[in-house]
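None of the figures in this text is laboratory data; all of them are computed from the coordinates on show. Computed from a prediction, not measured in an experiment: that's the story for all the values here. Here the Cβ is made from the backbone with ideal geometry for all residues, glycine too, and neighbour counts use every protein chain on show.
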Amino acid sequence: MAHIHLPDGVLPITWVTFYWLVSIALLGIVAFYFRRTGRSIEVKTLSIAGAATALAFVIFQVEVPIFGGIHLNFTPMLGILVGPVIGSVSAIIINILSAAVGHGGWGPIGLNFLINLVEIVFAFSIFTLLFHRRKVSPFLAAVVATLIALTISNALMVGAITVSGIQGVQGAELQNLFLLALINEVAAVVESIVTGFLVDFLAKVKPELLGGSRIEEP
């Protein structure tokens, strides 16, 4: 939803480097976690992650030709299904594959990964709180979790663009930036409702899929 479709050369090299370094550091923490703990991932979880990653990648490429083109992400759905640890790996794979097919440049991958990771972490955390602890219905829990996650990532995108100096902060350019944020928020509402129906369906037919990240002891 808040994916930045920028070609290479638009984002200043200093910010490209910064976002990439932060992304690599976070992925390094994930790798260190598995190496340090010696834990493995359930085969079922890997299957779910693979299918969810493929679905999210396909959805990324389907653009609705309104307001210059918008699309859904389903990265919050990814977070709900597999959790933030495995979801972070899926997010970087999705962004690399998207750049490979021309959906944005290679430079912005670092920033896009961070934006998607925010969506995954917040969706997983809020859904876990509402559904598993507060016993809120799966539909409502998924809608609220997805909408909050996408709203936060939308704000992050606007902030990153403003700070990086891509759009500028005056006149029509500022208006265009906030118009983009508004359009993204409308898309977030749509994605939240769709995610709610999908999660509600899974809760009825495959409730074990909503357990989040499943990591086994060695």
Exercise for review: Would you order 186, 62 from fewest to most other beta-carbon atoms within 10 Å of each residue's own beta-carbon?
Suggested key: 62, 186
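Per DSSP H run of at least 4 residues, take -39500 (n - 2.57); add these up for the chain, divide by its residues and hand me the 222 nm value, nearest 500 deg cm²/dmol. Before the final figure, lay out the partial values.
On the way: 6 runs with 151 residues, N = 218.
Roughly -24500 deg cm²/dmol at 222 nm, from the helical runs in the chain.
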Check your understanding: So how much slack lies between residue 61 and residue 26, counting 0.36 nm per residue of separation and subtracting their Cα-Cα distance, in nm?
Key -> 10.0 nm
Review point. Residue farthest toward the positive end of the dipole of the chain, with Cβ of Lys/Arg at +1 and Asp/Glu at -1: which of 27, 155, 205?
Key: 205
Practice item. At 7 Å along the Cα-to-beta-carbon direction for both residue 36 and residue 129, put a label point, then send me their distance in nm to one decimal. Key: 2.5
Study note, to complete from the structure: In a Gaussian network model of the chain with springs linking alpha carbons closer than 10 Å, the residue among 87, 79, 104 that fluctuates most is 104
Check your understanding: In terms of modelled amide H atoms, which long-range or inter-chain residues lie less than 5 Å from the amide H of residue 41?
Key -> 216
Review point. For 127, 57, 178, what ranking results if the residue with the fewest other Cβ atoms within 10 Å of its Cβ goes first?
Key: 178, 57, 127
Point to revise | Charged-residue dipole, Cβ positions (Lys, Arg, Asp, Glu), region 1-152 about Cα centre, Debye nearest 20 | key: 660
Revision key, fill the gap. Neighbour-count ranking for 113, 34 (other C-beta within 10 angstrom, fewest to most) reads 34, 113
Practice item. List, in order, the whole-Hz ³J(HN,Hα) value for each residue of region 104-117 obtained from phi through the Karplus relation with A = 6.51, B = -1.76, C = 1.60 and θ = phi - 60°; use x for Gly and Pro. Key: x, x, 7, x, x, 4, x, 5, 4, 4, 5, 5, 5, 5
**Study point:** Correct option for Cα extents along the principal axes in Å [calculated from the coordinates] among (i) 43, 36, 34; (ii) 52, 37, 29; (iii) 57, 44, 31
**Key:** (ii)
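Can you tell me how much longer the chain between residue 189 and residue 106 gets when fully stretched, taken as 0.36 nm per residue apart minus their C-alpha distance, in nm with one decimal?
Working it through step by step, the gained length comes to 27.0 nm.
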Practice item. For residue 137 and residue 51, calculate 0.36 nm times their separation in residues minus their Cα-Cα distance, and state this gained length in nm to one decimal. Key: 28.5 nm
Study note, to complete from the structure: Expressed as a whole-number percentage, the relative contact order of the chain with C-alpha contacts under 8 angstrom and at least six residues apart is 31
**Study point:** Cβ-derived FRET efficiency at R0 25 Å, residue 89 paired with residue 204, nearest 0.05
**Key:** 0.30
